[in-house]
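**Student:** My questions will all concern the structure given below.
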Amino acid sequence: MVAREVFRVPLEELGHVKSKEGKILTKPFLNVCKSVLPVLDKLGGAFSFVKSDVGGNISRLECRYESNPCEYKLLYRIVEKEIEDKTHKSSSSCTNALLWLTRGMDYSVQMFSNLEEHKNWSMQEACNDSYNKTLRNWHGWLAIKTFHVAMKLLPDREKFMQVLSGGGEFGPDMKNFCTGFSSVLEENHKFLASIEMDHLKA
């Protein structure tokens, strides 16, 4: 993936995330999330647990969508159906998957923003700040400990940025992606809060 393609694909997918009526579409939203995974891959083994969690939640939602693409064209319809069936509070529900997928994307977007805004920060500083602002409050002690162990495996900033960019410029695309996707994620949080599902801990 050459430099200008790193965030080009996420940006392109982001352009299809809303319907003409301004509703979040299931398949395009999941495509945006999937397009972030190759970027996380470049962190190496340090964030394999984040990628695994994100990937699992994408798969759960995608499986539900594919069971009835017409009914589940809109993302929140998946949750609404679980509310009707009284299954939305289960740990294996798609509602729970959407909650944790949104949080995982919160973390990724915050990390990208940190790298763009704080040129003098190390990878550890960028990732720690992102974790503290997004996932830490919802994690138990074991997950927190796992995160801190992963911090020791991070590549240094210069190496990561070089691998990510291939020596080219991707800052503007990264910034535009973070700005655009943040508003979508915030919409998810507002919806989840409206059904009292936004403050669940692991």
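The values are calculated or read from the model by the stated rules, or taken from the named source; none is laboratory data. Small disclaimer: the values here were computed from a predicted structure and weren't measured. Quick reminder, even Gly has a Cβ in these numbers, built from the backbone with ideal geometry, and neighbours come from all protein chains shown. Keep in mind that these areas ignore ligands, DNA and RNA; they rest on the heavy atoms of the full protein, side chains included. Shrake-Rupley method; radii C 1.70, N 1.55, O 1.52, S 1.80 Å.
**Student:** Do any trypsin sites (Lys or Arg not before Pro) in region 64-98 lie in a loop, going by DSSP, with at most 11 other beta-carbon atoms within 10 Å of their beta carbon, and if so which? All intermediate terms of the calculation are to be shown ahead of the outcome.
**Tutor:** Working: sites: Arg64, Lys73, Arg77, Lys81, Lys86, Lys89; in loops: Lys73, Lys86, Lys89.
Sparse-neighbourhood loop trypsin sites (Lys or Arg not before Pro): Lys86.
**Student:** Provide the FRET efficiency to the nearest 0.05 for the Ala143-Leu37 pair, computing r from the beta carbons and using R0 = 22 Å. Working shown, then result.
**Tutor:** Working: r = 20 Å, r/R0 = 0.89.
According to the calculation, E is roughly 0.65.
**Student:** I would also like to ask the following. For region 121-202, which GluC sites (Glu not before Pro) are both in a DSSP coil and crowded by at most 11 other Cβ atoms within 10 Å? Mind showing how you got there, number by number?
**Tutor:** Details: sites: Glu125, Glu158, Glu169, Glu186, Glu187, Glu196; in loops: Glu169, Glu196.
Of the GluC sites (Glu not before Pro), the ones in loops of region 121-202 whose Cβ has at most 11 other Cβ atoms within 10 Å are Glu169, Glu196.
**Student:** Using every pair of alpha-carbon atoms in region 44-190, split the distances into 5 Å bins beginning at 0 and state the percent of pairs per bin, rounded to integers.
**Tutor:** Per 5 Å bin, starting at zero, the Cα-Cα P(r) for region 44-190 comes out as 2, 9, 16, 20, 18, 15, 10, 7, 3, 1, 0 percent.
**Student:** Same structure, new question: Could you please state how large a percent of the accessible area of the chain is carbon and sulfur, counting protein chains only and using a 1.4 Å probe?
**Tutor:** Working: 5240 of 10100 Å².
Summing carbon and sulfur atoms, their accessible area is 52 percent of the total for the chain.
**Student:** Which residue fluctuates the most in the chain, going by a Gaussian network model with Cα springs under 10 Å, if the choices are Leu135, Leu101, Leu61?
**Tutor:** Leu135
**Student:** Using only Cα atoms and rounding to the nearest 10 degrees, what angle (0 to 90) does helix 48-67 make with the longest principal axis of the chain?
**Tutor:** Once rounded, the angle reads 30 degrees.
**Student:** Setting aside same-chain residues fewer than 8 positions from Lys175, which aspartates and glutamates have a Cα under 13 Å from its Cα?
**Tutor:** Glu116, Glu117
**Student:** How large is the accessible surface of Met161 in square angstrom, using a 1.4 angstrom probe and rounding to the nearest 10?
**Tutor:** Only protein atoms counted, so the area is about 40 Å².
**Student:** Tell me which GluC sites (Glu not before Pro) from region 1-67 have a DSSP coil assignment and no more than 11 other beta carbons within 10 Å of their own.
**Tutor:** Details: sites: Glu5, Glu12, Glu13, Glu21, Glu62, Glu66; in loops: Glu21.
Those satisfying the criteria are Glu21.
**Student:** If we count every other residue with Cβ under 9 angstrom of Glu71's Cβ, Lys/Arg +1 and Asp/Glu -1, where does the sum land?
**Tutor:** Values: positive: Lys73, Arg77, Lys81; negative: none.
Net charge in that neighbourhood comes out at +3.
**Student:** With an 8 Å cut-off on Cα pairs and a minimum separation of 6 or more residues, tell me the relative contact order of the chain in percent.
**Tutor:** Values: 214 pairs, mean separation 58.9, N = 202.
Reported as a whole number, the value is 29 percent.
**Student:** Take Thr102, Thr134, Thr87 and sort them by solvent-accessible surface of the protein heavy atoms, 1.4 Å probe, largest at the top. Don't skip to the answer; put the middle values down first.
**Tutor:** Numbers: Thr102 0, Thr134 25, Thr87 65 Å².
These residues rank, largest area first, as Thr87, Thr134, Thr102.
**Student:** Next up: How much length is gained if the chain between Ile83 and Glu21 is pulled fully straight, taking 0.36 nm per residue apart and subtracting their Cα-Cα distance, in nm to one decimal? Numbers along the way, then the final one.
**Tutor:** Details: separation 62, 0.36 × 62 = 22.32 nm, distance 2.32 nm.
Contour length minus the Cα-Cα distance gives 20.0 nm.
**Student:** Moving on to the next point. Would you mind working out the accessible area per residue for region 50-202, using a 1.4 Å probe, and quoting it in Å²? Please list the in-between numbers first.
**Tutor:** Working: 7800 Å² over 153 residues.
The answer is 51 Å² per residue.
**Student:** Taking the Cβ of Ser122 as the center, what net charge do the other residues with Cβ under 12 Å away carry, scoring Lys and Arg +1 and Asp and Glu -1? Show your work: numbers first, answer last.
**Tutor:** Details: positive: Lys119, Arg157, Lys159; negative: Glu125, Asp129, Asp156, Glu158.
So the environment of Ser122 carries a net charge of -1.
**Student:** What is the count of Lys pairs in region 5-125 whose alpha carbons sit under 12 Å apart, if the two are 8 or more places apart or on different chains?
**Tutor:** Working: Lys18/Lys27; Lys18/Lys73; Lys23/Lys73; Lys27/Lys73; Lys34/Lys51; Lys42/Lys51.
For region 5-125, qualifying lysine pairs total 6.
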